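Trainee: Here it is: the structure, laid out below.
The values are calculated or read from the model by the stated rules, or taken from the named source; none is laboratory data. Because the structure is predicted, anything quoted here is derived from the model rather than measured. We place every Cβ from the backbone using ideal geometry, glycine too, and count neighbours over all the protein chains shown. Calculation scope for accessible area: heavy atoms of the full protein, side chains included, ligands and nucleic acids excluded. Shrake-Rupley method; radii C 1.70, N 1.55, O 1.52, S 1.80 Å.
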Amino acid sequence: QVQLVESGGGLVQPGGSLRLSCADSGSRFAINAMAWYRQAPGKERELVASITSGGITNYADSVKGRFTIFRYNAENTVFLQMNSLKPEDTAVYYCNAGTSNGAGYVSYNYWGQGTQVTVSS
């Protein structure tokens with residue numbers, strides 16, 4: 001059973017940086033792909049970034065050049081380095097385990113509890 005636990009959220013000023021972490025504490029098998037989603041108040045959950053076990057990454061246009069996703073496959077751990085943060089990045093960020101096919105990232109129903117990121121002066 002995959003059990004994802006996130007950490008690293010908080011309050012940061014515009015232009016600042018945060019690093020989110022997500023670890024799978026439950027399973028003993030390799031996860032094909034992992035991703036970060038976010039959900040702002042009143043908005044739908046959106047895919048922010050994904051990464052396969054082979055290191056192929058994809059990003060939402062809104063975060064390209066500012067966010068970096070990376071992972072340690074052996075530990076089923078994924079990180080999201082967020083730089084040049086903007087107020088519109090404010091949201092609850094969720095880690096997800098899934099897979100990847102020709103159409104892109106496919107989420108499984110394995111979610112972390114979420115971590116709040118607030119960008120405000």
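Trainee: Within region 78-87, can one find any residue that is surrounded by 18 or more Cβ atoms within 10 Å (Cβ to Cβ), touching a residue at least 12 places away in the same chain (Cβ under 8 Å), in contact with a Cys (Cβ under 7 Å, 6 or more places away or on another chain) and among the aliphatic types (A, V, I, L, M)?
Mentor: Within region 78-87, one or more residues are surrounded by 18 or more Cβ atoms within 10 Å (Cβ to Cβ), touching a residue at least 12 places away in the same chain (Cβ under 8 Å), in contact with a Cys (Cβ under 7 Å, 6 or more places away or on another chain) and among the aliphatic types (A, V, I, L, M).
Trainee: Being over 10 Å from the mean Cα position of the chain (by Cα), closer than 12 Å to S21 by Cα and either of a type in the set (D, E, K, R) or open to solvent by less than 30 Å² (accessible area, probe 1.4 Å) (or both) narrows it down to one residue among R71, R66; which is it?
Mentor: Values: R66 fails: closer than 12 Å to S21 by Cα.
Going through R71, R66 in turn, just one is over 10 Å from the mean Cα position of the chain (by Cα), closer than 12 Å to S21 by Cα and either of a type in the set (D, E, K, R) or open to solvent by less than 30 Å² (accessible area, probe 1.4 Å) (or both): R71.
Trainee: Still on this structure: What number of residues in region 28-56 are farther than 25 Å from A74 by Cα and among the hydrophobic types (A, V, I, L, M, F, W, C)?
Mentor: 1
Trainee: Can you work out which of the residues in region 10-53 that are modelled with pLDDT of 95 or more, in a loop (DSSP other than H, G, I, E, B) and within 15 Å of G114 (Cα to Cα) is least open to solvent (accessible area, probe 1.4 Å)?
Mentor: Out of the qualifying residues, it is A40.
Trainee: For region 113-121, state whether one or more residues are open to solvent by less than 50 Å² (accessible area, probe 1.4 Å) and either of a type in the set (D, E) or more than 12 Å from W36 (Cβ to Cβ) (or both). Quick ask: steps written out before the conclusion?
Mentor: Taking region 113-121 and keeping what is open to solvent by less than 50 Å² (accessible area, probe 1.4 Å), we get 114-115, 117-119.
Filter once more, keeping what is either of a type in the set (D, E) or more than 12 Å from W36 (Cβ to Cβ) (or both): 118-119.
Scanning region 113-121 turns up at least one residue that is open to solvent by less than 50 Å² (accessible area, probe 1.4 Å) and either of a type in the set (D, E) or more than 12 Å from W36 (Cβ to Cβ) (or both).
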